[in-house]
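Questions regarding the structure given below will be posed in turn.
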Amino acid sequence: MIHCLIADDEVIAHQILEQYIIQTEGLTLVAKCRNAMEAFAKLQQHKVDLIFLDIEMPLVNGVAFLKTLPDPPKVIFTTAYAEYALQGYELGVVDYLLKPFSYERFVQAVGKVKDLAASDKPQASGGETDYLVVKEKEGLLRIPFSEIFYIEGSRDYMKIVTTERKYLVHLTMKKLEEMLPAGKFIRTHKSFIVSVSKIKVVKTGEVVLADQQVIPVSGHYKEGVVRCFGG
């Protein structure tokens with residue numbers, strides 16, 4: 001079940017979105033609010049998986065509010081202003097519903113959220129899958145675990161470096177750790193996760209990978225890296 005929050009200053013928008021949510025299987029409405037301050041409070045009180053977020057609201061607009069959230073839920077912008085579409089993409093929102101929107105368009109946007117929710121589930125280490133599923137600008141992608149060298153935190157994005165290319169995905173380091181199989185990847189630093197099989201040398205304060213890339217190892221993670229490398 002996807003737990004939804006409506007953040008919009010228009011009463012009619014609340015009514016329409018609430019009706020759409022009621023009509024849609026797999027969604028449940030946990031709260032409604034009229035501005036960003038109320039929305040922030042509701043996020044502290046409820047489990048929220050998806051925010052239907054208006055942009056032009058009093059006090060703080062939706063874009064500024066979203067930028068303040070360190071680990072936001074999925075977001076669908078619901079707005080009458082098309083000029084914010086680029087900012088929405090840069091912030092990693094799932095979709096952009098331009099008011100007035102139909103129920104069919106609403107369902108299409110929610111479908112994207114459901115696809116992402118399925119890909120975000122932690123993947124079992126018992127061999128059920130041998131790849132990571134992530135969302136990039138071209139859509140959902142499968143990245144084989146065997147091709148990943150390391151993952152680096154880069155501001156609001158994670159950079160996944162493989163044998164073929166680099167991917168930028170809008171995920172937190174914590175979420176990626178949950179999605180990777182235990183024992184095959186190790187955190188070496190607050191900003192780095194490394195494939196254990198790609199580590200060739202462990203030195204003081206760093207590891208050297210098979211492609212000669214040097215990755216830092218902080219004191220907090222040193223013991224785990226040495227233990228993992230030594231088998």
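Which condition breaks for residue 224 when tested against (1) free of Cβ contacts under 8 Å to residues at least 24 places away in the same chain; (2) more than 30 Å from residue 91 (Cβ to Cβ)?
Checking residue 224 against (1) free of Cβ contacts under 8 Å to residues at least 24 places away in the same chain; (2) more than 30 Å from residue 91 (Cβ to Cβ), the one that fails is (1).
Going by the conditions given, is residue 92 within 25 Å of residue 176 (Cα to Cα), in a loop (DSSP other than H, G, I, E, B) and modelled with pLDDT under 90?
yes
Kindly provide the set of residues from region 151-193 that are modelled with pLDDT of 90 or more, β-branched (Val, Ile, Thr) and under 15 Å from the mean Cα position of the chain (by Cα), ordered by number.
Answer for region 151-193, where residues must be modelled with pLDDT of 90 or more, β-branched (Val, Ile, Thr) and under 15 Å from the mean Cα position of the chain (by Cα): 151, 160.
Follow-up question, since we're still on this one. Any residue at all in region 208-218 that's under 26 Å from the mean Cα position of the chain (by Cα) and surrounded by fewer than 19 Cβ atoms within 10 Å (Cβ to Cβ)?
Yes, region 208-218 contains a residue that is under 26 Å from the mean Cα position of the chain (by Cα) and surrounded by fewer than 19 Cβ atoms within 10 Å (Cβ to Cβ).
Any chance you could count how many residues in region 59-88 are at pLDDT below 85 and exposed (fewer than 12 other Cβ atoms within 10 Å of the Cβ)?
Number of matching residues: 5.
Another question, if that's okay. Within region 193-231, how many residues turn out to be more than 16 Å from residue 152 (Cβ to Cβ) and of a type in the set (Asp, Glu)?
So the answer is 1.
Are any of the residues in region 129-143 in a loop (DSSP other than H, G, I, E, B), under 26 Å from residue 210 (Cα atoms) and at pLDDT 80 or above?
yes
Still on this structure, I have one more. Among the residues of region 4-39, write down those that are in contact with a Leu (Cβ under 8 Å, 6 or more places away or on another chain) and not aliphatic (A, V, I, L, M).
Within region 4-39, 4, 8, 18, 32, 33, 35 meet the criteria.
Which of the residues belonging to region 1-26 are closer than 12 Å to residue 48 by Cβ and either at pLDDT 95 or above or touching a His at 6+ places or on another chain (Cβ under 8 Å) (or both)?
3, 4, 5, 6, 7
Kindly list the number of the only condition in (1) in contact (Cβ under 8 Å) with a residue 12 or more places away in the chain; (2) farther than 17 Å from residue 153 by Cβ; (3) charged (D, E, K, R) that fails for residue 190.
Single failed check for residue 190: (2).
Could you tell me which residue of region 40-52 is surrounded by the most Cβ atoms within 10 Å (Cβ to Cβ), considering only residues that are at pLDDT below 95 and closer than 14 Å to residue 8 by Cα?
By that ranking, first place goes to 42.
Looking only at region 20-42, how many residues end up being closer than 10 Å to residue 3 by Cα and among the hydroxyl-bearing types (Ser, Thr, Tyr)?
Matching residues across region 20-42 total 1.
The values are calculated or read from the model by the stated rules, or taken from the named source; none is laboratory data. Since we're looking at a predicted model, the values are computed, not measured. For neighbour counting, all protein chains shown are included, and Cβ atoms are generated from backbone atoms with ideal geometry for every residue, glycine included.
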